[in-house]
Each structure stands twice: as C-alpha cells, then as structure tokens.
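Take a look at the structure set out below.
Since every read-out is calculated from the coordinates, none of them should be taken as a lab result. As the structure is a computational prediction, the values presented were derived from the model and not from experiment. Glycine also receives a Cβ, built like all others from the backbone with ideal geometry; neighbour counts cover every protein chain displayed.
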Amino acid sequence: MTPQTVVIACDTFAPDHNGSATFAKNLACELQTRGYEVHVIAPAFSKLYGTFREKHDGIPIVVHRLKSYALPFHPTQRFVNPAGLTRKLDGLISAISPQVVHIQSHLNVGHHAAAAAKSNKIRLIATNHLNAESFVENVLLAPSFIKKFLAKMLMRDAANVFRSADSVVAPTLRSAQLLESVIPNLPVYAISGGVELSRFNSLPTPSQEAKTITYVGRLDREKHVYVLLEALAKLPGDLKLELIGSGNQQSELAALAKQLKVSDRVTFFDDLNDDEVILRLGKASVFVMPSIQELQSMATLEAMAAGRVIVAAEAMALPYLVESGVNGYLFRPDSPNNLAEKIQKVFNLPKSLFDEMGRASRERAAQHDLADTVTSYERLYAGESPLPSDIHTERGYTAPAGVGERIGDLVRKSTSTLEKGANGVLERLDGVRGSVAETFGDVRFLITRRGKRVTKKLSASLRKALERIRRDD
C-alpha cells in the first residue's frame, strides 16, 4: 500500500486520558511509524493553540491544536467553539490535502471535519467511540426531558455524519450492532481499538499475595467507581485498592471512602503517564472495571495485555473481553455485594488456576494487536473492505522523551493534580507544513494544585508565545 497523508480529527487527544484519546494517539503513532504523513486536529489542552510538532510515545506528530475552553462542570473536557469551525477546518484540510480524513466521533470537531472532508471530496472514515445517551446523561446538567431531547438530536446528527462517511467503524461487535440498531441501513465494521502488546511483555506475572485491586479510568459518575468502593468495604481489610485517573467525582469518591471507613485502603493516583500506568498494572493482583457503558474499554484491554485477572460488569461490550471462569469474572452491574463476591473468588482461587486466568487474559489481548488494527484501517483508507481475519468480532459472552524534548508546566484549570506525562510540544510550526517558528525546551505537561492555589510554571519561551497569542486575539 502506498503511504498517504491522513488527517485524524478528534474532540480529545493525548495528553488527555480516555479510550478515544488513547486510540487516536496509538493510531497516529503507528501510522507515522509506517511512513504515513499524519496530521491530528484536536482541541488545545491549554491556552496555547496553533500548529505544533509534538512527541507522543517517542514519535513526532504534527498536531493542529484548536482554541478551546474548559467546561466548568466537566473540568477534564475541553470545548471548541463551533461557530465558523467548518470554514476553518475546510481551509486547514484543503491546505493539508490528505487522501483520508478519519474522524473519531460525530461531535463538534468530528462533525465539522466530516463536512470539510466531503466539501473537499476527500475519503472519509468515521470511528464511533461515543454512546450519545451516556454522553448527554453524564456531561450535561439539565432536566431529564431535555437530556432525552438532546440525545435524540445527537443521534440524528450522528446519522447524517455517519451516512456521509465512506466507511463507519465501531470498536466491538456489540457497539457496532448498537449503532446499526439506532441508525437503520448503516453498515458498521467492528474493528478493535487495539493494544500495543510489546509494551506489557516485561511485566511480572500477577500475584494474589500483593492483595491489590486496581482500576484505571476516569473518576466520573458514568464509570460507577462508587460501586467498587462499596464492594471494598465488604472485603477483608488486608485488600487494598488503587484508583488511577481523575474526574469530576474524585472528591465525592474520597468522601465516600472516608464514610465507608476504607480511606486507609484506597490510593488515588490521579492521571499517570502511560509508562507509569503500565508499572501500576504490573503490581495489580486483579483489575476491576465497574462501568456499565463501555463500548470497548481500552483500560480493560491493557490490563488483559498485562496478564491481569479481570472482574468486570456484565454490561455493554465488557462480556466480549471477559469470560467468567476463563480470564476473570463478570458481576451483576451496580451490585457491590456481587462484585465483592467475585473479587473474593479471585483471591480464593488455587494459585495454578489464578495463573492460568492471567495467561488467558494475555492470550485474549493478543487478538487485539494494534498492528492488526492499523492494518485493517489501512485497508479502509485504500478503499478496500477489511478481510474477515482483520476484523475483531469476538462473539459470546518507548521510553519517555528527554528533558530537552519536552514542553512542560502548561497549566489549565483543573480540580486536581494532573501529571500529563513525558509527551510534549517540541516546536511551533509556521503553517500546515511550514518551517519551525520556535522551539520549546526543558518543559513538561504539568498542573500543580495546592489547596485552592494553582502554581503555574512556564518556560520563558512559552510565556512569550502565550503573550503573542493573546495580543493576536
């Protein structure tokens, strides 16, 4: 296949930590490694916006950061003003002149990028990572009848956007079927989000003696982490819980842990970079995913690649990853008693069976190799249908960048301390493919919060860039 120029348009991208952002980052890095010219269009994660060359997982990627705003009721999300966005993206995509535009949802950036792709007669691929009803329910503050109306409008918009695409993809068979059920006559491919298996090969085998339960993901209401805390209170006192992630329910969860008298057994890690998450997974005895709205769950897939035994809610796409008695157990959604029972069952397993379940997780994760996922997308980019062997339809129930390559201490408003990892902005570019306008050094993505005071640390070069942007506005 001849390498092409590909635009990946998304409403969330690294250093954000969520399934959609992780998939977009993994896809961009793998395509760039295979010789594609990759351009990512995504919201800025701070007040600094424009075209940059950023390093993600050690791979330089050109990222066009759109001016964005923090949502006051959902501080981990950024919002791009849609006014004039189609015209702006039309000009940007026309200047890039890609062979393919690949959107990650029908919302906002994806919606306008899709319109720009069609006006420029460019092949459009759409991957859906979004459950509209869940999004409206958990992101918007409004009466239920308004939420139902907005969810209906979102699905109507989704139908228009996805029907304009040359190919539509969902990450699991369950999510593909769900999308086909709400948008009639829309064929949807099921292609796994994929996981880079090699990053987990050096981890030790799990140990029951570690007595560690681990959760990785956002600490938002739709993840139902409170069910996990309630289950922990019913388990023996020597079992401890690690919660890796951040979200708008973090303070409530900390208060709940105190109320349940398990605060001394719970550790909040906030957002860790990818390498740190992998290290924490390597220390876990069992991984738990209590969410009931997962269209795939990249965090669960990574825990499987790490060889962990999984306990997950029997809901949405999670039964496609976890088979009870094989690589873990499924529990009744929103049942702390049943969840506690299944976790205890893991710790009561004979060591030989516990080890066998860990190996089964690795074997099942191998079906989701990122290399296969990207090959499937390459076929779609080339106008071909994925081969059956390329489509993951399970049925049934690099080292951090060096200091000189980082841009750090970028600050945005947040309710918690967020370490955004070693990925960083290397350069600001003059135009879509232009020369380097300025280089940033000795910096990292970092937010520091002590009490109610936010400490902001900016390099001199970055501070000047921000001042120029403010003057231009």
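Collect residues whose amide H, placed 1.01 Å from N in the peptide plane, falls under 5 Å from the amide H of residue 262; neighbours closer than 5 in sequence don't count.
HN-HN under 5 Å from residue 262: empty list.
In whole Hz, with x marking every Gly and Pro, tabulate ³J(HN,Hα) for the range 175-192 from phi via Karplus 6.51 cos²θ - 1.76 cosθ + 1.60, θ = phi - 60°.
So the J values, rounded to whole Hz, are 5, 5, 5, 4, 5, 5, 6, 9, 10, x, 6, 10, x, 10, 7, 10, 10, 4.
Across the range 42-55, in residue order, what do the Karplus-derived ³J(HN,Hα) couplings come to in whole Hz, using 6.51 cos²θ - 1.76 cosθ + 1.60 with θ = phi - 60° and x for Gly and Pro?
Calculated HN-Hα couplings, in order: 7, x, 5, 9, 7, 6, 8, 9, x, 9, 9, 9, 10, 9 Hz.
Tell me, what is the Rg over Rh of the range 197-368, with Rh the Kirkwood radius over Cα pairs? If you can, show how the numbers build up before the last one.
Numbers: Rg = 14.4 Å, Rh = 15.6 Å.
My calculation of the ratio gives 0.92.
Can you pull out the chymotrypsin sites (Phe, Trp or Tyr not before Pro) in the range 13-102 that DSSP calls coil and that have at most 15 other Cβ atoms within 10 Å?
Numbers: sites: 13, 23, 36, 45, 49, 52, 69, 73, 79; in loops: 13, 36, 45, 49, 73.
Qualifying residues, ordered by number: 73.
For 222, 384, what ranking results if the residue with the fewest other Cβ atoms within 10 Å of its Cβ goes first? Working shown, then result.
On the way: 222 19, 384 13.
Ascending Cβ contact count within 10 Å gives the list 384, 222.
Taking the radius of gyration and the Kirkwood hydrodynamic radius from Cα positions alone, what is the Rg/Rh ratio for the range 1-74, to two decimal places? Could the numbers behind the result be given before it?
Details: Rg = 12.5 Å, Rh = 12.7 Å.
So for the range 1-74, dividing Rg by the Kirkwood Rh gives 0.99.
From the phi angles alone, apply the Karplus equation (6.51, -1.76, 1.60; θ = phi - 60°) to the range 277-285 and give each ³J(HN,Hα) in whole Hz, x where the residue is Gly or Pro.
4, 4, 4, 5, 4, x, 9, 7, 7
In what sequence do 12, 375, 205, 300 fall when counting other Cβ within 10 Å, fewest first?
Details: 12 24, 375 19, 205 13, 300 27.
Exposure proxy ranking, most exposed first: 205, 375, 12, 300.
Please identify every one of the trypsin sites (Lys or Arg not before Pro) in the range 194-262 that sits in a loop by DSSP and has no more than 10 other beta carbons within 10 Å of its own beta carbon. Spell out each step's value before the answer.
Values: sites: 199, 211, 218, 221, 223, 234, 240, 258, 261; in loops: 211, 218, 234, 261.
Here the trypsin sites (Lys or Arg not before Pro) that fit, given the DSSP loop and packing criteria, are 261.
Rank the residues 220, 264 as a footprinting-exposure proxy: fewest other Cβ atoms within 10 Å of their Cβ go first. Display every interim value, and only then the final one.
Numbers: 220 21, 264 10.
So the ranking, lowest neighbour count to highest, is 264, 220.
Test of understanding: extend the Cα→C-beta vector of residue 283 to 7 Å, then name every residue of the range 303-341 with backbone N under 11 Å from that spot.
Zone members listed by number: none at all.
Skipping prolines and chain starts, which residues have an amide H placed within reach, meaning under 5 Å, of the one on residue 14, given they are 5 or more residues away or on another chain?
Amide H neighbours of residue 14, under 5 Å, 5+ apart: 25.
Distance cut-off 28 Å, Cα to Cα: go down the list 148/223; 148/342; 283/345 and report the pairs above it. Mind dumping the intermediate values first?
Working: 148/223 20 Å; 148/342 35 Å; 283/345 19 Å.
Beyond 28 Å between Cα atoms: 148/342.
Based on C-alpha coordinates, I'd like the Rg and Dmax of the range 305-394, in Å.
Cα only, the range 305-394: 16.2, 51 Å (Rg, Dmax).
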